[in-house]
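Beneath this line is the structure, given in structure tokens, with notes to follow.
The values are calculated or read from the model by the stated rules, or taken from the named source; none is laboratory data. Not measured: the values here are computed from a predicted model. Every residue, glycine among them, receives a Cβ derived from its backbone with ideal geometry; neighbour counts consider all protein chains shown.
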Amino acid sequence: MIVQKDFLNKLKDFGLNTYESKLWTALLSRGISTAGELSDIANVPRSRSYDVLESLEKKGFIIMKLGKPIKYVAVPPEEVLERVKKKIAQEAERQSNILEQLKSSEILSELSMLHSQGIELVEPTDLSGALKGRGNLYGHFESMIKSAEHSVDIMTTSEGLIRKAESMKSALQKAKQKNVKVRIAAPLNKQTEKAAKELKDLAEIRNAGDIKARFCLVDGKQLLFMLLDDAEVHPTYDSGIWVNTPFFASAMKKLFDSEWKRMK
């Protein structure tokens, strides 16, 4: 039986490796079969077939039929899908409960203490890093906003304002609850009208006009600035620099304040 590689790769979404995918599809094509027959059909070494079939049985993809020789029966794909969904949901709930328990555990307190003590020993010049990929950038962006105590100043593009309206609402809401002053400078036009309305209750927004810049300042201490124009770079290759230095960040804040006064 010849099965396309692309098709087998898609079965990884079911949580199957290559051998499992081959044997399962082979059994689906036969309905019921022995390990030897499936090995020949799927081109899987016989020495591995029994282990792989046992794994499929544990995952609920097949049923072992008692007798000699041992035969296997395929579970309908629709039923398998429901089982996989249920298993993923159960695992996600289990992991979530573990993380919730960690919040109030001594382990988290000890880790936080280690981090705070470690930061005190770090040279200010070491508190910097390069980030690649928009997912990583926005993850750090959100962490910075959550750590803010007094102010968050953001300069962004039209596309950036729209993305922040979609992904940063929760972080900005928490900042507002802590009475953190949030200011966002971005081009205000028809493209950004909806995003600006969604964020207006969480931040003060002014028109940056034709200024093209992407950065975030937190408390005049931390600065994250993006190196590329988001209109010209794929999200995967987007990159930025994070620095935690009041000397540089406070200077950037003064520049931001100066431009802010001119904006409408």
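Can you give me the number of residues within the range 221-246 that are touching a residue at least 60 places away in the same chain (Cβ under 8 Å) and of a type in the set (Phe, Trp, Tyr)?
2
Out of the range 43-83, which residues are assigned to a helix (DSSP H, G or I), surrounded by 18 or more Cβ atoms within 10 Å (Cβ to Cβ) and modelled with pLDDT of 85 or more?
Across the range 43-83, the qualifying residues are 49, 52, 53, 56.
Restricting the range 201-256 to residues that are more than 20 Å from residue 169 (Cβ to Cβ) and of a type in the set (Val, Ile, Thr), which is surrounded by the most Cβ atoms within 10 Å (Cβ to Cβ)?
Per the criteria, the residue is 243.
Of everything in the range 165-195, what is surrounded by 12 or more Cβ atoms within 10 Å (Cβ to Cβ), under 18 Å from residue 143 (Cβ atoms) and among the charged types (D, E, K, R)? Give them in sequence order.
169, 174, 176
Across the range 84-109, what is the number of residues that are under 16 Å from residue 24 (Cβ atoms) and at pLDDT 80 or above? It would help to see each step written out before you state the result.
Step one: list which residues in the range 84-109 are under 16 Å from residue 24 (Cβ atoms), which gives 84, 87.
Filter once more, keeping what is at pLDDT 80 or above: 87.
Selection size over the range 84-109: 1.
For the range 118-132, indicate whether the set of residues that are surrounded by 12 or more Cβ atoms within 10 Å (Cβ to Cβ), at pLDDT 75 or above, within 30 Å of residue 240 (Cα to Cα) and touching a Lys or Arg at 6+ places or on another chain (Cβ under 9 Å) is non-empty.
No, the conditions are met nowhere in the range 118-132.
Which pairs do you get when a residue that is acidic (Asp, Glu), found in the range 14-27, comes within reach of a residue that is outside any helix (DSSP H, G or I), reach meaning Cβ atoms under 9 angstrom, with the pair 6+ apart or on two chains?
20/61
Among the residues of the range 149-159, how many are among the small types (Gly, Ala, Ser) and buried (at least 23 other Cβ atoms within 10 Å of the Cβ)?
The total comes to 0.
Being closer than 17 Å to residue 146 by Cβ and polar (S, T, N, Q) is true for just one of 239, 170, 250. Which residue is that?
Every option except 170 fails the conditions.
For the range 167-177, does any single residue satisfy the condition of being free of Cβ contacts under 8 Å to residues at least 24 places away in the same chain and assigned to a loop (DSSP other than H, G, I, E, B)?
The answer is no, given that none of the residues of the range 167-177 is free of Cβ contacts under 8 Å to residues at least 24 places away in the same chain and assigned to a loop (DSSP other than H, G, I, E, B).
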